[in-house]
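S.K.: Input: one structure, supplied below.
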Amino acid sequence: MQLTELKIYANNLYLNVDLYDNEPIQLEKSISEISEPETRKSEFTRTIKIPGTHNNNNIFSNIFDIARSVINNTATNFNLDFNPNLKADCILLYDGQPIMRGYLQLTNIIINDYEKVDYEVVIIGRNSNIFQDMGDNKLPSLDLSEFDHIWNETNVINSWTAPIGSGYVYPIIERGFDPAEQTYYVDQTYPAVYVKSIVDAIFKKYGYSYQSNFFNTTRFKSLIMPFNGGAFRLSTADVDNRLFELTFNADTNYLTDIGQNLIAFNTISKNSSPSGVSASKFTIPTGYNGRYIFRTELKCRARYTGVPTLTNSGFIFAVLIRSTSGLRLGNIDTAIQWNNVSTNNTIDFNVTLQSIERYLEAGEQLYVEWWLLPAFGNAINSSNFEVKFLKDSAFFNSYPSGQFMEGNMINIAQALPQDMKESEFMKGLIKMFNLMIEPDIVSNKKLIIEPAIDFYRNTPINWTDKLDISNDIELMPMGALNFKELQFNWLKDDDEFNKKYNDMYFYVYGSKQIKINNDFLTEVKNIELPFAPSPLADTSTNDRVLTKIRYFNDDNTLQNKTSKPRILYYGGLVTTGLGSFYFGSRINNSMVARTTYPYAGHLDNTKNPTFDLNFDTSRTIFYGSGFNPTITNGNLYNIYWKNYINQITDKDSKIMKCKMKLTNNDISQLS
């Protein structure tokens, strides 16, 4: 019975290639590529010889015939005929199960004395590696635009009760704006992005999909990555979208002063996105309120149209940047002195005006006006002068602060840590939850992802009858153990409560150390996350337990500093009964007392926790005054690592090396 099959994809069909009887297939399955998916090789090869049957000769377009020429000159194989310079997509199966997908290359044709033909082909398997695809790309480069929104009171409040796991939420994280820790404005709360949305965006960006029960659990969907402090800045592209430039692409005709004349620029050299330019005016688009500077650079030519010759005269050229609401952002009066002026004489001059930096609401419309005033010795009516604007005169703006403001359209990707790589983020999740990742057997761009506790079968399989007893069997006591000490560490940070804990114990909050009783090993293995821990703390004025990420200078003044990246658990709205909690908007001039607050921390719940994002129970906690806090041992180590580590470190553990006769179905179900 022919168990091995090779199919070539040609002209939208899979063609069966004739093989020699049961071509042996060597299959490798490495645990390191599952537990450390970034080490997976992207390609592997397999060389086989296939017979020159009538069927195979037709597939390869009788290429063995020296007198035959290849017709196909396109970039696609089998477009008319087979071209050995082009890849041929293929799939290799054994006992009906796909074991290798990739492409085929014809490398050699062997013709013996009896005109028997053999083809030597190389099958190049493609093992997609999402970590190689991610490269050094950073989190803010992800497309999360479906979650972009206006930073306002309504959207902040609505996020507190929106479905978890998708988009963003605005938890209350204490950053030191109010010493009493009870009043919070919209522009003092920042978006946290759901971890699942970040993962989904990474997979979508590189054309992958995943199968994971764990990623769809309430626990994983509750994880968030909060804004890690510093300035909440627009990206370069966001700033560029707020900018415009109006110019003249040619000299204008001469214009007569009719008093406060609109300068009608005729060319849009750059428009904002969305468009804000219309009829020589710039309107601040919705969501683009902020602090702007406007500037006009005018190249002008004046012409005297009066009859008498002027011996000592001139005029004042006035320019004003203003808005339709009546705001005057800047003005300048330029005195032009002109002697011995006859009819139709001209004079060139330049005027530059830059406005003050000013906060402007969406909908404000900005433009430039000009007019003439008489001046100097022989003051005459300004109607005796005409003005034209020369090519390249311009009106444009800048957005110097570069920071988001309440009412702005938020580019949610900018809330992610600016310097964190996508690969670092994914490796961090793998380490937190001891994730195993394996490509799907049918589609290598579909990844199966589960924690080790769920990835491996709990039910033993009896393969005694498959054991090859004719070969030696090797047993290695504690063969997987390669460390004397195992450390699970968060990144060290020096915010207020992390620093307190570090100073007390010389130890990072939430970390764990395990020492093994072994006289022969000396290595210390460090599993370090790219995230910092986030201690919870309370305050004497209320009953709220909050994540507090704040930094202070030596003089105890608040320091605006970027923290190390964090992962928190969003626990939803929690009732607060002691001490007022106020939330409101500066723009709306609103401030409302509330009885619930949006909690996020390393515990799923501070009153009755069942899950802790730390690896170990902290030696000290910074909350609990007024009630006896419940502590949980349901931490990352106990849930996701303990059983795995116990199997490695158990004095009775052994690795057995042997040969077994397994079917392809046995192999496909290995886990």
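S.K.: For I332 and S383, compute 0.36 nm times the residue count separating them, minus their Cα-Cα distance, and round to one decimal in nm.
M.R.: So the chain would gain 16.3 nm between I332 and S383.
S.K.: Then there is this: How do R101, R322 stack up against each other in accessible area, from largest to smallest, with a 1.4 angstrom probe?
M.R.: So, going from the largest accessible area down, we get R101, R322.
S.K.: Can I ask one more? Taking amide H positions as placed in the peptide plane 1.01 Å from N, state which residues far from T334 in sequence (5 or more) or on other chains have amide H under 5 Å from it.
M.R.: So T334 has HN proximity to F317, A318, V319.
S.K.: Continuing with the same structure: Using the basic label-point model (7 angstrom from Cα toward the beta carbon), what is the T620 to K49 distance in nanometres?
M.R.: Here the modelled spin labels are 7.6 nm apart.
S.K.: Which loop trypsin sites (Lys or Arg not before Pro) in the range 375-474, with loop taken from DSSP, have no more than 12 other Cβ atoms within 10 angstrom of their Cβ?
M.R.: When the trypsin sites (Lys or Arg not before Pro) of the range 375-474 are filtered for loop state and at most 12 Cβ neighbours within 10 Å, K391, R457 remain.
S.K.: Using r as the Cβ-Cβ distance of N633 and S280, and R0 as 45 Å, what FRET efficiency do you calculate, to the nearest 0.05?
M.R.: E(calc), rounded to 0.05, equals 0.05.
S.K.: Could you grab the Rg to Rh ratio for the range 376-469? Cα atoms only, Kirkwood for Rh.
M.R.: 1.55
S.K.: Tell me, what is the 1.4 Å probe accessible area of S423, in Å² to the nearest 10?
M.R.: The value for S423 is about 10 Å².
S.K.: So, one more: What are the semi-axes of the equivalent ellipsoid for the range 92-174, taken as the square roots of 5 times the Cα gyration tensor eigenvalues, largest first, in whole Å? Please report the intermediate quantities before stating the final value.
M.R.: Values: eigenvalues 675, 45, 20 Å².
Each semi-axis is the square root of five times an eigenvalue, giving 58, 15, 10 Å.
S.K.: Could you please state, rounded to a whole Å, how far the C-alpha centre of the range 438-476 is from the C-alpha centre of the range 552-613?
M.R.: 45 Å
S.K.: What ratio of Cα Rg to 2.2 N^0.38 Å holds for the range 617-657?
M.R.: Ratio of Rg to 2.2 N^0.38 Å for the range 617-657: 1.87.
S.K.: Determine the calculated [θ] at 222 nm for the chain from helices alone, applying -39500 (n - 2.57) to every DSSP H run no shorter than 4 residues and normalising by the residue count; nearest 500 deg cm²/dmol.
M.R.: It comes out at -3000 deg cm²/dmol, rounded to the nearest 500.
S.K.: Next question. So with the 1.4 Å probe, I'd like the accessible area per residue for the chain, rounded to whole Å².
M.R.: 48 Å²
S.K.: Also: What FRET efficiency comes out for the pair T464/F520, r = Cβ-Cβ distance, R0 = 45 Å, nearest 0.05?
M.R.: The formula returns an efficiency of 0.90 here.
S.K.: While we're looking at this one, here's another question. Need one number: nm distance between label points at K205 and Y20, each 7 Å from Cα along Cα→Cβ, rounded to one decimal.
M.R.: 4.8 nm
S.K.: Where q = 0.20, 0.24 Å⁻¹, what log10 of I(q)/I(0) comes from the Debye formula for the range 271-385, counting one point per Cα?
M.R.: So the normalised log intensities are -0.99, -1.27.
S.K.: Over all distinct Cα pairs, what is the inverse of the mean 1/r for the range 549-598, reported as the Kirkwood hydrodynamic radius in Å?
M.R.: The answer is 14.2 Å.
S.K.: Right, something else. Give, as ranges by residue number, the residues of the range 480-496 whose backbone N falls under 20 Å from the point 7 Å along Cα→Cβ of K642.
M.R.: Of the residues in the range 480-496, 485-490 have backbone N under 20 Å from the label point off K642.
S.K.: Hey, another quick one. Which FRET efficiency value, to the nearest 0.05, is calculated for Q365 and N216 with the Förster distance at 45 angstrom and r the Cβ-Cβ distance?
M.R.: 0.40
S.K.: Ratio of Rg to Rh for the range 342-418, alpha carbon only, Kirkwood?
M.R.: Reported Rg/Rh, Kirkwood definition of Rh: 1.18.
S.K.: At a temperature of 37 °C and a viscosity of 0.692 mPa s, determine how fast the range 179-278 diffuses translationally according to Stokes-Einstein, using the Kirkwood radius over alpha-carbon pairs as Rh; express D in µm²/s, rounded to the nearest whole number.
M.R.: After rounding, the answer is 168 µm²/s.
S.K.: Hey, rough spin-label estimate for K659 and I109, points 7 angstrom out along Cα→Cβ, what's it come to in nanometres?
M.R.: In this crude label model, K659 to I109 measures out at 3.9 nm.
S.K.: When N counts the residues of the chain, how does its alpha-carbon radius of gyration compare numerically with 2.2 N^0.38 Å, as a ratio?
M.R.: 1.38
S.K.: If you count, for each residue, the other Cβ atoms within 10 Å and average over each peptide, how do 77-83, 247-253 line up from highest to lowest?
M.R.: 77-83, 247-253
The values are calculated or read from the model by the stated rules, or taken from the named source; none is laboratory data. None of these values were measured; they are calculated from a predicted model. With ideal geometry, Cβ positions are generated from the backbone for all residues, glycine too; neighbour counts draw on all protein chains shown. SASA here: full protein model, heavy atoms, side chains in, ligands and nucleic acids out. Shrake-Rupley method; radii C 1.70, N 1.55, O 1.52, S 1.80 Å.
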